[in-house]
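Colleague: Let me begin by handing over the structure; questions about it come next.
The values are calculated or read from the model by the stated rules, or taken from the named source; none is laboratory data. Computed from a prediction, not measured in an experiment: that's the story for all the values here. Virtual Cβ from ideal backbone geometry, glycine too; neighbours counted across all protein chains shown. Just so you know, the surface numbers come from the protein's heavy atoms only, side chains and all, with ligands and any DNA or RNA stripped out. Shrake-Rupley method; radii C 1.70, N 1.55, O 1.52, S 1.80 Å.
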Amino acid sequence: MEYSREALMEAVSAQMPAKRWQHTLGVMATSVELAERYGADPAVAETAAILHDVAKYWPVDKQRAIIEENGLSAELLLYDKSLWHAEVGAFVAERDYGITNPEVLGAIRYHTSGRVGMTKLEKIVCLADYIEPGRSFPGVEEIRRLARVSLEEGLVTGFDSTISLLVQKRQIIFPLTVLSRNDLVRILEEKS
Ligand code: DGI
Ligand code: FE
Ligand code: FE
């Protein structure tokens, strides 16, 4: 089934509290802005943004079942539940919303952890998730500033803030988050 932009927004918004939908609207607007600035397709970026947190409020048992029953990343189940909705979201986007564009599915799948070799669209949605207008956390203004320098400068600072917070709270870090962060540092070193 093909969803229009409006039908997709309505279907996704029905699956989350109003506040999370406001966040999604922010990620949409910021993804479009970043796509325009950095030369990606704004409509494709917006579609990924609409769906990026589609599974965020699904019961965790349902999320776990989807991962187990569909051969998704079993490794993810060994790490924090808050990581699961990204992988589940990509699956749901394809199964329930007929999304076939692998760029969109990748941007949903990797919006929380990142990955090594992130595409431009993946960086855009992941960075927009950090800096959309509704976000307020220590360091967000600096990430917003760096997002105007480059996608990599903004995103590496975002990952650093997540990793620092996890370390402060002595939480387990999903290894891919560290690998993604290192990959961006390497890209920036090679640029300079
Ligand atoms: O879904 P959002 O709240 O918009 O944002 P998100 O998808 O980037 O992040 C969801 C949560 O995942 C966030 O509170 C931080 C957490 N997180 C990100 N990476 C890791 C992580 N939690 C753990 N334990 N380990 C990680 O590596
Ligand atoms: Fe998310
Ligand atoms: Fe989000």
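Colleague: Label-point separation (nm) for R145 and S164, each offset 7 Å from Cα along Cα-to-Cβ?
Modeller: Taking the simple label geometry, R145 and S164 are separated by 1.3 nm.
Colleague: Next question, about the same structure. Can you work out the accessible area per residue across the chain, with the rest of the protein chains kept in place, probe 1.4 Å, in square angstrom?
Modeller: I get 50 Å² per residue for the chain.
Colleague: Give K19/K120; K120/K191; K62/K120; K19/K56; K123/K191; K123/K169 a once-over and call out the pairs whose C-alpha atoms are over 22 Å from each other.
Modeller: K19/K120; K62/K120; K123/K169
Colleague: Work from the charge dipole of the chain (Cβ charges, +1 for Lys and Arg, -1 for Asp and Glu, about the Cα centre) and give the residue of I108, Y130, Y3 farthest towards its positive end.
Modeller: Farthest towards the positive pole: Y130.
Colleague: If you don't mind, there's one more thing I want to ask. If you roll a 1.4 angstrom probe over the protein chains with everything in place, what fraction of the accessible area of the chain belongs to carbon and sulfur, to the nearest %? Provide the component values of the computation, followed by the final result.
Modeller: On the way: 5020 of 9570 Å².
The computed percentage sits at 52.
Colleague: Now, a different point. Just report the Cα centroid separation between the stretch 4-35 and the stretch 94-152, whole Å.
Modeller: One Cα centre to the other: 14 Å.
Colleague: Let's test this: bin the Cα-Cα distances of the chain at 5 Å from zero up to the farthest pair and state each bin's percent.
Modeller: Spelled out bin by bin, the chain gives 1, 8, 17, 21, 22, 17, 9, 4, 1, 0 percent.
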